[in-house]
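The values are calculated or read from the model by the stated rules, or taken from the named source; none is laboratory data. Note that the structure is predicted; figures quoted are calculated from it, not measured. Heads up, the Cβs are rebuilt from the backbone with ideal geometry, glycines too, and the neighbour counts pull from every protein chain shown.
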Amino acid sequence: MWNPILDVFDENGVKFALEVHPTEIAFDIVTAERALEAIDRRETFGFNFDPSHLEWQGVNPVNFIKTFPDRIYHVHMKDAVVSLDGTSGILSSYMNFGQPGRGWDFRSLGRGQVNFEEIIRALNEIKYGGPLSVEWEDAAMDREAGAKESAKFVKEIDFAPSGRLFDEAFSTD
């Protein structure tokens, strides 16, 4: 079913990056693996990694990176927080973003529960060299202030890998 469009992508040097989250054909590690199997693991098909959607589902974002190191084609830097209070569930009871009592919500970068330090380390480990795109959503914060703060956060948290093991720095060779 998907091969005709993937053939066109191949002909034009385009890689498709599916954003993994509920409402898509892949929303966690298991369904992402199934999606790859369904298209015979074609290299054209990969993922837009967005840790926020994994975080609120209880899926470890770093495990996703390590499971699909050659399929991370783009990265959204986006934060989320789970705030279950025993009244609404993880599916948020059809409550709007930012509404008190919602089971989870997006937060400005660094203000949620996503461990960006470990994400950057995992991305460096797989040698991801693409952009870190800020996707900002926080219903409780002014957009301009939040976007500016988030861009600054990404610049501060991102670091280049050393390119060698620590002890190699002491080698006399």
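Of all residues in the stretch 61-95, those being touching a helix residue (DSSP H, G or I) at 6+ places or on another chain (Cβ under 7 Å) and among the polar types (S, T, N, Q) number 2.
Looking only at the stretch 38-64, count every residue that is over 20 Å from R107 (Cβ atoms), touching a residue at least 24 places away in the same chain (Cβ under 8 Å) and of a type in the set (D, E, K, R) and tell me the total. Here the count works out to 2. Within the stretch 1-46, the set of residues being closer than 19 Å to H74 by Cα and of a type in the set (K, R) comprises K15, R41, R42. Just to be sure I understand the filter: pairs with C-beta atoms under 8 Å, separated by 6 or more residues or on different chains, first member in the stretch 17-37 and touching a residue at least 40 places away in the same chain (Cβ under 8 Å) and over 14 Å from V59 (Cα atoms), second member part of a loop (DSSP other than H, G, I, E, B) and not small (G, A, S). Which pairs pass? Pairs found: E19/D50. Among the residues of the stretch 8-29, is any part of a helix (DSSP H, G or I) and among the small types (G, A, S)? Within the stretch 8-29 (the criterion being part of a helix (DSSP H, G or I) and among the small types (G, A, S)), the answer is no, since none of the residues qualifies. N63 falls short on exactly one of the conditions (1) over 15 Å from the mean Cα position of the chain (by Cα); (2) among the polar types (S, T, N, Q); (3) closer than 30 Å to E33 by Cα, and that condition is (1). Evaluated against (1) crowded, with 16+ Cβ neighbours inside 10 Å; (2) out of contact with any Lys or Arg (no Cβ under 8 Å at 6 or more places or on another chain); (3) more than 22 Å from N48 (Cα to Cα), S92 falls short on exactly one condition, (2). Kindly establish whether R102 is modelled with pLDDT of 95 or more and at negative phi. Criteria not met by R102.
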